[in-house]
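A.B. asks: The structure under discussion is supplied below as structure tokens; questions concerning it will follow.
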Amino acid sequence: MRLAITVAGLIASTGAPIRGGFFILETQLLFCPSCRIPNIGGAPCPQCGQPCTDEAHTMAESLLNTILAKDPDRAAMAVDVLIRWYHDPRLRIPLSILLKDSSDPFLLTLAARGLGWLGDPEAIPSLADFLLDESKPYVARIAAVRALQGIGGQKVIEVLEQAQHSPRPSVAEAAIRALQDLLPAVSEKQDELY
Ligand SMILES: [Zn+2]
């Protein structure tokens, strides 16, 4: 019952975002009429190129929109629900938008962690751009290191090799530790090949 109440509460607050007075959406996500992949309203669907023009139809789609609301607590609850109960891979899109556009360290950390929990290699470029930008808050950059470490693979190693030279010591140290964790796994795989 607790889940039902939490989700119902979130949905109630996603309707009529401005006139309802609960909160104002920073960015409105709309959905591709064919694939239901979201993008910023009117932008092309990342999968089929049709303009994303449809409103959210389902509870999961309303939650995807909640992530780009100005309310960090609701965004955090939506990420939690989408990952733990819906396992919705479309979450990558609002989290990547958040990581690119937000200036709130809490939301940035949430976005980096959420992308790590999703474990989708498609999130590597967003996480890499964020991690390598020295102007971004370091706590969220460390969260990006952890997220990349969880995704793993050769591309991640290349990004972490750049990040280990960051002038911010805590970021450099996190990158070095992540590399130490990832590199033995890569050399074992290479051993298997030869
Ligand atoms: Zn589409």
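A.B. asks: From the P(r) of segment 106-194, could you give the percentage of C-alpha pairs in the tail past 15 Å?
C.D. replies: Here the tail beyond 15 Å accounts for 53 percent of pairs.
A.B. asks: Could you sort the peptides 157-166, 40-49, 141-150, 104-113 by per-residue average Cβ neighbour count (10 Å cutoff), highest mean leading?
C.D. replies: Highest mean packing first, the order is 141-150, 104-113, 157-166, 40-49.
A.B. asks: Tally Lys and Arg at +1 and Asp and Glu at -1 over the other residues with C-beta under 12 Å from the C-beta of P137: what net charge comes out?
C.D. replies: Neighbourhood net charge equals 0.
A.B. asks: Any chance you could get the radius of gyration and Dmax over the Cα atoms of segment 57-109, in Å?
C.D. replies: Computed over the Cα atoms of segment 57-109, radius of gyration and Dmax are 10.2, 30 Å.
A.B. asks: Quick one, can you get me the convex hull of the C-alpha atoms of segment 39-158 expressed as volume per residue in Å³?
C.D. replies: Hull volume normalised by residue count: 106 Å³.
A.B. asks: Could you list which residues have their amide H under 5 Å from that of C35, counting only those 5 or more apart in sequence or on another chain, with H placed in the peptide plane?
C.D. replies: Residues meeting the criterion, in which the H sits 1.01 Å from N, do not exist here.
No value in this document is a laboratory result; all are computed from the given coordinates. Source: prediction; values computed, not measured. Cβ sites come from the backbone with ideal geometry, for glycine too, and all protein chains shown count toward neighbours.
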